Amino acid sequence: MRAFPVGGRRKELIKLLSDPNVTTIVVEHRDRLTRFGFEYIEASLRAQGRRILVVEEREVDDDLVRDVTEVLTSLAARLYGKRSARRRAKRRWRRFSVKIHRAYRYELDPNTEQRILHATVRGEADRWFVSLTVEEEIPDPPPPRGPAAGIDAGLKSFTTLADETGAIRKTDAPRPLRHALKRLRRLQRKLSRRGVRDEHGKLKTRTKNYEKTRLEIARLHRRIRNIRLDFLHKLTTELVRTHPVIAIEDLNVAGMLKNDHLARHIADVGWGTFRALLEAKAKLRGVRIVKAGRFEPTSKTCSPCGHVLPELPLSVRAWTCPVCGAHHDRDENALSADHPITLIS
């Protein structure tokens, strides 16, 4: 659910009505939309299978509207104090759109007796989001019927996957921070020149131009995060749908982030989030996760003869075994069929 005020402006109202994902529009009073033609709007929405609700503050009989009103009133109390909470909350829940995210595949029917167990209001830049927790019985998904696979995480190739059939596939990460870093640095420098500052450059008063630049930076950070999460969700969903057993490396991501030369690159691809999403989705679908030891020399061990190189810098992407003469790609070698990371039992 995405909540935002319309405030009687025609542009925002047209945007709200043209969004096909909006199924319910709640208006505090009928006269709020009188000058826009309330009867015409109501008839148009009814023809599309949507609806518009007119509620009074003291006569709210819809569970969805009442629950969201309580949540927003509590939010206003935290932000502005209890005295002005109800007055502030009216402005926020006066008009809001209901959007059920496609990932959950859940349709909340206000006509039933379903209750919202928990609701969380979250602000991101210039948007407010309401996350609803509703009790629902979800049938067990069918187990995946594919080959077992092993995954090696990296930076040049985000994942190198090898399954039992011997097929090897590499997947590259979008790296949104790297592509937006130039613009982000420019906006940060621009922000440092905005506002009223003292002789030492410390911010004293936030001006309108300062808030505009700050909001632009927040939007850019939100876009970077959304691109990264979209890629990780699609990749992890595909993996748990096609492989009943998945072997991964137990990497110490928190320790690797302390490396000043690699921290930004590791955070940009999202190793920690990838493993967390993969483990959570695997638990829901009954997929078995096998973890290889983090101190296992997976990349510098020759899979045919077992010889271990004393050193293998990250800059070396391919190497030749001095004992048997086999040539290896460091990522593919870690996922060889004879290697411990893919010994799945």
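Read-outs throughout are calculated quantities, based only on the coordinates presented, and are distinct from any laboratory measurement. As the structure is a computational prediction, the values presented were derived from the model and not from experiment. A quick note on method: Cβ atoms are made from the backbone with ideal geometry, for glycine too, and the neighbour counts reach across all protein chains shown.
In this simple spin-label approximation, ARG219 and HIS179 carry label points 7 Å from Cα along the Cα→Cβ vector, and these lie 1.8 nm apart.
Residues whose amide H falls under 5 Å from that of THR23, counting only those 5 or more places apart or on a different chain, are VAL98, with hydrogens built in the peptide plane.
If a/c stays under 1.5 just call it rounded; otherwise compare a/b with b/c (prolate if a/b is bigger, oblate if not). Do that for the range 109-261, with a ≥ b ≥ c from the square roots of the Cα gyration tensor eigenvalues. Because a/c hits 1.5 or more and a/b fails to exceed b/c, the range 109-261 counts as oblate.
In terms of the mean number of neighbouring beta-carbon atoms within 10 Å, the peptides 236-245, 159-168 order highest first as 236-245, 159-168.
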